[in-house]
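Undergrad: Quick one: the structure is below, and I'll ask about it shortly.
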Amino acid sequence: MQRLREGIANGEYPVGSRLPAEPELMNALQVGRSTVREAIRALAHSGLLQVKQGQGTFVCALPQEQETLTERLRRAHIVEVYEVRRALEPESARLAAIRRNEAQLQRLTDLLAERERCRLRNDAQGLLEADIAFHITIAEAAGNGVFVDLVRSFLSVHREALCDVIALSGTTEQQARLHEQLAKAIALQDEKAAYRLSAKLLDSILQAHQQQAPLYQEVSL
C-alpha cells in the first residue's frame, strides 16, 4: 500500500487520473493481485481513491500527511537501520570528542561498567539497555539535537531486533573493547580516533548480522 500511496503523493498517479488496470499495477509494483486489491480497498477507505463500477479506480485526493520516521523505520530491515547508523554515528562521535563535558564522560564510564557487568553474566537485556544508553549519550555529547532524535528513533523502534544483534555480536570481548576504546577517544578529545572507532564498531556488528541474516527488503505496496 505504501508504494501506491507514494505514487499518488509524488504525482505518478495525479489527482483525477484513472489508475492502470490490475495486471499493469501488479507488473509495475511486482506484487500479486490480492495485494493490489487490498491496497486499493484501503486507500479508497482513506479517501485517496474512488472506485467507479464499470469505469475503473480514480485518484481523488493527495495524502494529507506523510509517513513519519517511526513508521518508516518499522518497515525497515535491521541491516538497513545499521547502514544508516554507519553513515551518521561516526560523525556524531567525532563531534562528541570535541564538545563532550565531564558529566557526559562520567555517564559513558558508568554505562560501560554496567555493560560489562551484564556481558559477564550473559544478561542480554541489561546489556542492550546499557548499550542503547551509551550510544544515545554519545549523540547528546555531540551537542546536536537532530543526532539525538535520529539515534533514539533508530534504537527504540528496533529494540526487539537489537536483542538479536546483541546475541550475535554484542556480548563478545572484541565488542566490549571497541566500546571502551571509543569512550577513551572521546575523553581524550581525539576526534579522528572517535570517528574511526565508531565506524569500526558498527561495521563489526553489521558484518556479524549479515553473515547470520543477509540483507533483504520486503516489497510493500
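Undergrad: Under the classification rounded if a/c is under 1.5, otherwise prolate if a/b is larger than b/c and oblate if not, where does the chain fall, given a ≥ b ≥ c as square roots of the Cα gyration tensor eigenvalues? Mind showing how you got there, number by number?
TA: On the way: a/c = 3.32, a/b = 2.40, b/c = 1.38.
Taking the square roots of the gyration eigenvalues as a ≥ b ≥ c, the chain is prolate.
Undergrad: Checking the cross-link filter: which lysines have an alpha carbon closer than 22 Å to that of K192, excluding same-chain neighbours under 8 positions apart?
TA: Output for K192: K184, K200.
Undergrad: Set the Förster distance to 45 Å, then compute FRET efficiency between N101 and H45 from the Cβ-Cβ distance, nearest 0.05.
TA: Working from the Cβ atoms, E equals 0.30.
Undergrad: Please give the calculated 222 nm ellipticity per residue for the chain, where each DSSP H segment of at least 4 residues contributes -39500 (n - 2.57) and the sum is spread over every residue; nearest 500 deg cm²/dmol?
TA: Taken over the chain, the calculation gives -22000 deg cm²/dmol.
Coordinate-derived values only; no laboratory data. Note that this is a predicted model, so its numbers are computed, not measured. Ideal geometry is used to build each Cβ from the backbone, glycine not excepted, and the neighbour counts take in all protein chains shown.
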